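Shown next, in structure tokens, is the structure this report addresses.
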Amino acid sequence: MTSLSLAPSVARLPSRRRLPRPGQLGPAAAILFLTLLAIAALAPHLLTHADPLAIAPRDAFQAPSIAHPFGTDQSGRDILARVIYGARQSLALGCGAITLSLSIATILALIGGLGGRIAEQAVRWLIDILFAFPVLVLALLCTATLGSGIGPLIVAIGVGSAAGYTRMVFGQVLSVRDAGYVEAARALGHSPARIVVRHILPNAFRPLVVTATMGIGQTVVWSAALSFLGLGAPPPAAEWGTMLSMGRDFIAEAWWMTFFPGLAIVLTMLSTTVAGRALQRAIEGR
Amino acid sequence: MTHLLHRAAWRLLGGILVLLAAASLTFAALHLTPGDPVTAILGGASANPTPEAIAAARHEYGLDRPIAVQYALYIARIARGDLGQSFSQHMPVIAVLRAQAPPTLALMASSLAVAWLLALLSVVPTARRGVAGAIASTLETIGAGLPQFWLGILLLWGLAFEWRLLPPAGNHGLPALVLPTLSLAIPLAGFIAQVMRESFDLALDQPFILTARARGLGDGAVRLRHALRHALLPCVSLSTWAVGALVGNAVAIEIIFSRQGLGRELFLSVATHDMPLVSGIVLFIALTYILAGFAADTLYVLIDPRLKGTRP
């Protein structure tokens, strides 16, 4: 095994420069940012000493400076501290929603893929129907029934984005279902439950690792959109979407109130996309 | 010919099914909603109506009947094309749609057009061209990651407040359409361009490209006449999805730019539990999506003549 995988890389060495290629800088930066984000979510006090909720009216609307690198808001709260403390909620929303969404997708895909012809057609129709509802419209409907707040927001985004993931997992399950190794397991007399757990799930799930990584960034954006509309945590909570909607009222005086929380959202989305693609290349062995 | 008819009938059935589902979903969503619709009918929580007025309104809107009867009546009414009265606006839902749909449709059309233009400009000249391709591809990834509402606020700040180039809000005329369009089009262009670049690269590897080059065709002609046609198909199906996504994203954009439109109206009607208006708007969105699907099917055949005979 070792000699097989070593041979081509050794042969290619002379033509390559030793410096990292620009293509590797992206994933490295993405992983660095995601690590920072994880620290911010788990132990925000390591990154800043300021209190995200402490008001200091005399320091209101300060432009970015050394004391306040991202400036301050209308009550003198430090924006940098608020962005750092906001990571926890935004990531919790993103991870929660993508977990829910992929769970719905997996259950529907397994029912459709293994439940016989009628179930298969029903799931196809369900996917077609759900696709007619844009994610944010479906999420708005959900928040109408569930109210606002973190929990309902996770459910709204999770349900809203399930259609796309269901289609993806369903396609995977279908292709794995008819694969040779599943037929072989069936011929060997393994129980259907064992076949699902040992063969179908792992193989249908491998591409999902990539999807989930990229999906976290997307769900962070969607939940920020709903928070921005006032459906998430109420102000003055340190949450990126809520901060954006507070900043909108003062956009003419204090652009930094809007710019930096938005930048955090964009960088999260970009780094999950870049990291997801790198993961995909690693899995596919390209 | 018969299979074309068969296919059209199948599509029509699918479309009706989607509309029925849309109606049922909104019905379910708003009946599970906490908060009494009667309060909304009688002018919100502050109106403090008498019990008699509540009972009368309940009867007038059929809210005192069993839920299955309400559902059947509701579907029957929609099938007749009657979307009911908006609780909060005290006018027929059809009238609200007629007033609010045109600005949103204009915004969607201009956003889709600008997004396609940007994607074409970004992909066609740069695909497989080393540094230029890498730069364009990075810009596309960044563009696709920009949240529309953030972009909207920044454009508002830069172009409307700082430089005073464009009006910050409103519905009237082309200048008021520019900023909302850009906010929706730039991220969408990123998505379309990523898909277009992938299939454009694949198309450039095909043997017919080599044949075209061997016939002495210049690079520009090869890209425009041969590779592009192949790269368009996945982008067309992506655009069907985008039509729906644009409505969803228009919610925040219409609020930021104080524009009239369906997105803003949907948000307000969800907030006031105005059930007939919510279902009217959701039905309209589903209908738009279905029509976009039909349009995409037609475009497929125009772009790829091979599909004319073979599609079931």
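The values are calculated or read from the model by the stated rules, or taken from the named source; none is laboratory data. Computed from a prediction, not measured in an experiment: that's the story for all the values here. Note: ideal-geometry Cβ built from the backbone for every residue, glycine included; neighbour counts use all protein chains shown.
A count restricted to region B:137-173 and to residues that are farther than 24 Å from B:Val247 by Cα and either within 8 Å of another protein chain (Cβ to nearest Cβ) or out of contact with any Leu (no Cβ under 7 Å at 6 or more places or on another chain) (or both) stands at 8. Here A:Val135 fits the description: crowded, with 17+ Cβ neighbours inside 10 Å and either in contact with a Pro (Cβ under 7 Å, 6 or more places away or on another chain) or among the β-branched types (Val, Ile, Thr) (or both). Restricting B:Ala72, B:Ala56, B:Ala115, B:Ala106 to residues that are buried (at least 21 other Cβ atoms within 10 Å of the Cβ), out of contact with any Pro (no Cβ under 8 Å at 6 or more places or on another chain) and of a type in the set (A, V, I, L, M) narrows the list to B:Ala115. Tell me, please, whether a residue that is within 14 Å of chain A (Cβ to nearest Cβ), in a helix (DSSP H, G or I) and not polar (S, T, N, Q) can be found in region B:115-130. Yes, region B:115-130 contains at least one residue that is within 14 Å of chain A (Cβ to nearest Cβ), in a helix (DSSP H, G or I) and not polar (S, T, N, Q). Would you please list the contacts, defined by Cβ atoms under 9 Å and residues six or more apart or on different chains, that run from a residue in region A:247-273 that is more than 7 Å from chain B (Cβ to nearest Cβ) to a residue that is charged (D, E, K, R) and assigned to a helix (DSSP H, G or I)? Pairs found: A:Met257/A:Arg248; A:Phe260/A:Arg82; A:Pro261/A:Arg82. Checking each residue in region A:44-53 for being surrounded by 12 or more Cβ atoms within 10 Å (Cβ to Cβ) and part of a loop (DSSP other than H, G, I, E, B) picks out A:Leu47, A:Thr48, A:Ala50, A:Asp51, A:Pro52, A:Leu53.
Residues that are free of Cβ contacts under 8 Å to residues at least 24 places away in the same chain and hydrophobic (A, V, I, L, M, F, W, C) were ranked within region A:139-172; the one that is farthest from B:Ile285 (Cα to Cα) is A:Leu146.
None of B:Pro180, B:Pro168, B:Pro187 is buried (at least 17 other Cβ atoms within 10 Å of the Cβ) and assigned to a loop (DSSP other than H, G, I, E, B) except B:Pro168. Considering region A:103-215, the qualifying helices (runs of 4 or more DSSP H), each wholly inside and each with 1 or more residues that are among the small types (Gly, Ala, Ser) and more than 14 Å from every other protein chain (Cβ to nearest Cβ), run over A:117-131, A:150-160, A:162-177, A:180-187, A:192-195.
Restricting attention to region A:236-249, the residues that are within 16 Å of B:Ile153 (Cβ to Cβ), in a loop (DSSP other than H, G, I, E, B) and not charged (D, E, K, R) total 0. Can you find, within region B:236-284, the residue that is farthest from the other protein chains (Cβ to nearest Cβ) among those that are touching a residue at least 12 places away in the same chain (Cβ under 8 Å), of a type in the set (Val, Ile, Thr) and surrounded by 24 or more Cβ atoms within 10 Å (Cβ to Cβ)? Only one residue tops the list, namely B:Ile253. In the condition set (1) away from chain B (no Cβ under 14 Å); (2) not in a loop (DSSP other than H, G, I, E, B), A:Gln74 is compliant with all but (2).
What is the one condition in (1) in contact (Cβ under 8 Å) with a residue 40 or more places away in the chain; (2) within 11 Å of another protein chain (Cβ to nearest Cβ) that B:Ala134 does not satisfy? Every condition holds for B:Ala134 apart from (1). Per the conditions (1) without any contact (Cβ under 8 Å) to a residue 60 or more places away in the chain; (2) within 14 Å of another protein chain (Cβ to nearest Cβ), the sole criterion not satisfied by A:Ser90 is (1). Applying the condition of being outside any helix (DSSP H, G or I) and away from chain B (no Cβ under 11 Å) to region A:216-235 and asking which residue is surrounded by the most Cβ atoms within 10 Å (Cβ to Cβ) yields A:Gly232. Of the residues in region B:241-258, none is at positive phi and out of contact with any Gly (no Cβ under 7 Å at 6 or more places or on another chain). Checking A:Leu208, A:Leu201 one by one, the residue that is modelled with pLDDT under 85, closer than 28 Å to A:Ala163 by Cα, surrounded by 18 or more Cβ atoms within 10 Å (Cβ to Cβ) and not aromatic (Phe, Trp, Tyr) is A:Leu208 and no other.
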